[in-house]
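What follows is one structure encoded as structure tokens, with my remarks underneath.
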Amino acid sequence: MADRIGTLVIFGASGDLAQRLLLPGLGQLLSSSRGYDLRLIGVGSDPMTDAAWQSRVAASFAAGGSASRRSTTVAKNSVYLQADVTNPADLTRILAAATGTPALYFALPPHVTILSIAALEKVDLPTGTVLGLEKPFGTDLRSAQALNRNLLKLVPEKQIHRVDHFLGKSTVLNLLGLRFANRIFEPVWSAEHIERVDIVFDEKLGLEGRAGYYDKAGALVDMIQSHLLLVMALVAMEPPSSLDADDLRGSMAQVLRATRSWAGELVEGDRRARYTGGTIDGRRLPAYVKEAGVNPELDTETLAEVTVGIENWRWAGVPFRLRSGKAISDKRQEIVVTFKEVPHRPYGFTGNPGPTRLTISLTPDSIELDLNINGEGDPFTIDRVSLDVQFGNGELGPYGEVLHGILSDDPTLSVRADVVEECWRIVTPILAAWRAGDAPIDSYRAGSRGPTSWR
Ligand code: BG6
């Protein structure tokens, strides 16, 4: 593929995201078979010498497991600019330092990104400039709509990459192969055969010093509004005719448009909780409200669980439960598809270990199909067996994949404007109720599995 981007400019270069995720992903990409030649510019509000930045870049590349002549050269030639990215004069200076077509990557909190995009309107952008924006995209539906409008004043939609690294996770991408390259799943992939779908992403990590961002977001915005709704869209969408950007993103948009907060019975309502102090894997975590930078009055949740329904012929009546929590001992990160019971079990069988269940695990990458079968010993007793397969890592990690899309001008894994707005629309009523304090906030001990009352 022809290299189109000459310079990758990372805004927020001295931040945690750039160091821990973005740069390691870039290093992998540079060292992979899909490698690029490009210039890297780091931009941050803190002072830093070029030499200090170059060694940071090299350390992050090494942390991502990449060492190649190309990645070493990119690190060595990289420069760091201290600048205010909300200031048009500074933005002009940054663009002047770029060679070839620039890609500007906003690894910044959403409110700073919004200001920076507004400032870019006063700057002459080189033709073909590509913009990469980290999630969350805006801070609510209205700000996301305004940001989309402002972005379109700068560049056309195909040059805007709203990044969600979950779309770069290999198991998430495997969903496409599993669903659409096998004959056996698609015929039973509907309300006729599926009882419920659970998409869970619980983490052992706590706040990890991210109060500045997380305290205003919370688990609903940080994980469900973006990552988990997009994963759900891939699980539930209609088969696209191709995997190109228009078809894939069109199918995702269509199913999200049909998605609403669940209004049926059979499931718990939407609920939220926050962790108190505790220990996880021998590591002591203070209560969330005692973490530096947290404002207890914001009532931010660290665990959110919401149920949505998809109002179309395929899915009517099937609850999709989305849950994500921090500081949870049991690190479940999976999509669980629970099938309905068989319409009739022949008389004479004993035992009923439960319905057929397909678990697509995001960490570790694996797929497990739980089936009922005549077990060992008494052939008339039904037992459970699991068929499971674990995958090795893809050539690129999630950030390597999404950066590949940005640098090769392929928006397939980028979140389209209408998709991001749909995701905000779906969570808006829940968010409004929670921000107004209309729903209680439960608590759970860090290192537990969540509130005891939820089990
Ligand atoms: C990020 C969230 O987008 O995804 C974090 O902001 C979360 O809070 C992270 O920890 C989880 O993704 P991964 O791929 O690092 O497990």
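Determine, yes or no, whether Arg70 is more than 15 Å from the ligand (Cβ to nearest atom), modelled with pLDDT under 95 and of a type in the set (Lys, Arg). Before the answer, list the steps.
Working: more than 15 Å from the ligand (Cβ to nearest atom): yes; modelled with pLDDT under 95: yes; of a type in the set (Lys, Arg): yes.
Taking the combined requirement at face value, the residue satisfies it.
May I ask you to list the residues in region 63-78 that are part of a helix (DSSP H, G or I) and surrounded by 15 or more Cβ atoms within 10 Å (Cβ to Cβ)? Correct list: Arg70, Ser71, Thr72, Val74, Ala75.
Which members of region 276-287 meet the condition of being closer than 9 Å to Ala446 by Cα and under 25 Å from the mean Cα position of the chain (by Cα)?
From region 276-287, those closer than 9 Å to Ala446 by Cα are 276-280, 284-287; that's our starting set.
Ile280, Leu285 - these are the residues of region 276-287 that are closer than 9 Å to Ala446 by Cα and under 25 Å from the mean Cα position of the chain (by Cα).
For region 389-404, a residue qualifies if it is touching a Ser or Thr at 6+ places or on another chain (Cβ under 6 Å) and more than 16 Å from the ligand (Cβ to nearest atom), and the qualifying residues are Gln390, Glu395. Among residues of region 184-227 being β-branched (Val, Ile, Thr) and away from the ligand (no atom under 12 Å from the Cβ), the one that is most open to solvent (accessible area, probe 1.4 Å) is Ile184. Quick one: is Ala58 open to solvent by less than 50 Å² (accessible area, probe 1.4 Å), out of contact with any strand residue (DSSP E or B) (no Cβ under 7 Å at 6 or more places or on another chain) and either more than 29 Å from Phe166 (Cβ to Cβ) or free of Cβ contacts under 8 Å to residues at least 12 places away in the same chain (or both)? No.
Screening region 119-177 for residues that are among the β-branched types (Val, Ile, Thr) and within 16 Å of the ligand (Cβ to nearest atom) and picking the one that is surrounded by the most Cβ atoms within 10 Å (Cβ to Cβ) gives Val163. Scanning region 96-105 for residues that are surrounded by fewer than 19 Cβ atoms within 10 Å (Cβ to Cβ) and over 16 Å from Ile406 (Cα atoms) yields Ala96, Ala97, Thr99.
Evaluating Arg249 against the criteria (1) open to solvent by 10 Å² or more (accessible area, probe 1.4 Å); (2) within 16 Å of the ligand (Cβ to nearest atom) leaves one unmet condition, (2). The residues in region 43-54 that are open to solvent by 20 Å² or more (accessible area, probe 1.4 Å), in contact (Cβ under 8 Å) with a residue 12 or more places away in the chain and closer than 17 Å to Lys76 by Cα can be counted, and the count is 5.
Selection of region 276-328 for residues being over 15 Å from Ile224 (Cα atoms) and within 16 Å of the ligand (Cβ to nearest atom) yields Ile280, Asp281, Arg283, Leu285, Tyr288, Glu291, Gly293, Val294, Ala327, Ile328.
Residues are listed down the side, and each one gets a yes or a no for (1) under 23 Å from Gly397 (Cα atoms); (2) modelled with pLDDT under 95; (3) among the polar types (S, T, N, Q):
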{"site": "Arg56", "(1), (2), (3)": "yes, no, no"}
{"site": "Ala63", "(1), (2), (3)": "yes, yes, no"}
{"site": "Asn87", "(1), (2), (3)": "no, no, yes"}
{"site": "Thr92", "(1), (2), (3)": "no, no, yes"}
{"site": "Ala97", "(1), (2), (3)": "no, no, no"}
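Scanning region 1-42 for residues that are in a helix (DSSP H, G or I), out of contact with any helix residue (DSSP H, G or I) (no Cβ under 6 Å at 6 or more places or on another chain) and open to solvent by 50 Å² or more (accessible area, probe 1.4 Å) yields Asp16, Arg20. Has region 228-237 got at least one residue that is modelled with pLDDT under 95 and within 16 Å of the ligand (Cβ to nearest atom)? No, there is no match, as no residue in region 228-237 is modelled with pLDDT under 95 and within 16 Å of the ligand (Cβ to nearest atom). For region 302-329, residues that are hydroxyl-bearing (Ser, Thr, Tyr) and either open to solvent by 10 Å² or more (accessible area, probe 1.4 Å) or more than 12 Å from Asp198 (Cβ to Cβ) (or both) total 2.
Flag not set for Thr307, criterion: of a type in the set (Ser, Thr, Tyr) and either touching a Gly at 6+ places or on another chain (Cβ under 7 Å) or touching a residue at least 60 places away in the same chain (Cβ under 8 Å) (or both). Take the conditions (1) touching a residue at least 24 places away in the same chain (Cβ under 8 Å); (2) away from the ligand (no atom under 12 Å from the Cβ); Ala181 misses just one of them, which is (1). The set of residues in region 330-358 that are open to solvent by less than 40 Å² (accessible area, probe 1.4 Å), more than 16 Å from the ligand (Cβ to nearest atom) and polar (S, T, N, Q) contains only Thr338.
The values are calculated or read from the model by the stated rules, or taken from the named source; none is laboratory data. Not measured: the values here are computed from a predicted model. Counting neighbours? That spans all protein chains shown, and the Cβs are built from the backbone with ideal geometry, glycine included. The protein model used for the area step is the full one, side chains on, heavy atoms only, and it has no ligands, DNA or RNA in it. Shrake-Rupley method; radii C 1.70, N 1.55, O 1.52, S 1.80 Å.
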